[in-house]
Amino acid sequence: MQTIWLGGAEWLAVLRVGLGLWWLESWRHKDKKGWFERGTGIAWAADVAAKHRWGVVRTGFRRIVAPRPKAMAYVVVYAELALGLGLVAGFLTPVALVGGLLLNLLYLVLMIHDWAEQGQNAMMALISLVALFAMSWQAWSLDHAIGLFL
C-alpha cells in the first residue's frame, strides 16, 4: 500500500513509535521516588484491588503483588520504560508488543470501574494488536536492520 507520503510499512512504524512514546510518557510522569521509596504506586494498586468487584483480582494481588511490593514497583516502572524504548527503537518489537498488551490488559482488569483508565488502556491494547499482527517492525526498526522476525 502506498499513500501520498509514506507506504503502509512506514505508517505502521509511525503507529509503533507513537505507542512507544506513549509508554515512555507513562514512565516519565511517574513519581519514581514515591514508587520506590514510599511505595505509593503499589499502595494505590492495593487499595484498588482490595475494593475490586472480582475476587480473583483481590486474591491475585494478595498472593502475587502484596508479598513483594518493592520488587513489583520496579517491575511496573521499568517495564514501561523497556516497552517504550523497545517500541521506539524497534528492538524485539513483537516481544515488546505482547508485553505491552499484557500490561495494558492487567491495568484494564485492575481499573475495570474507572472509564478514564479504560479508554487509555483499551486504545493502547488495540494499537498493540494492530502493530503486532501487521508486523510493524518491517520499517524503521533495529529488528529489520539486523534481520530479526522477518
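The values are calculated or read from the model by the stated rules, or taken from the named source; none is laboratory data. Nothing here was measured: the structure is a model prediction, and the numbers come from that model. Cβ placement follows ideal geometry from the backbone for every residue including glycine, while neighbour counts extend to all protein chains displayed. We work out accessible area using only protein heavy atoms, side chains counted, and drop any ligands, DNA or RNA first. Shrake-Rupley method; radii C 1.70, N 1.55, O 1.52, S 1.80 Å.
Note on Tyr78: accessible area approximately 100 square angstrom, rounded to 10, probe 1.4 Å, nucleic acids and ligands left out. Matching the structure-derived Cα Rg over 2.2 N^0.38 Å against the labelled list [x] 1.15; [y] 1.63; [z] 1.03 gives the label [x]. Here r is the Cβ-Cβ distance between Lys70 and Val14 and R0 is 41 Å; the resulting FRET efficiency, rounded to 0.05, is 0.65. The phi-based Karplus calculation (6.51 cos²θ - 1.76 cosθ + 1.60; θ = phi - 60°) puts the 3J(HN,Hα) values of the range 98-113 at 5, x, x, 4, 5, 5, 5, 5, 5, 4, 4, 5, 5, 9, 4, 8 Hz, whole numbers, x for Gly and Pro. Computed from the Cβ-Cβ distance with R0 of 22 Å, the FRET efficiency linking Arg58 to Val98 stands at 0.25. For the options Glu80, Glu37, Glu25, a Gaussian network treatment of the chain with springs between C-alpha atoms closer than 10 Å singles out Glu37 as fluctuating the most.
Mean residue ellipticity, 222 nm, helices only, the chain: the sum of -39500 (n - 2.57) across DSSP H runs of n ≥ 4, divided by residue count and rounded to 500, is -22000 deg cm²/dmol. Rolling a 1.4 Å probe across the protein heavy atoms gives the chain an accessible surface of 58 Å² per residue.
Highest GNM mean-square fluctuation, the chain, Cα pairs closer than 10 Å: which of Ala66, Ala116, Ala46? Largest GNM mean-square fluctuation: Ala116.
Nonpolar atom fraction for the chain, defined as the carbon and sulfur part of the 1.4 Å probe accessible area, stands at 71 percent.
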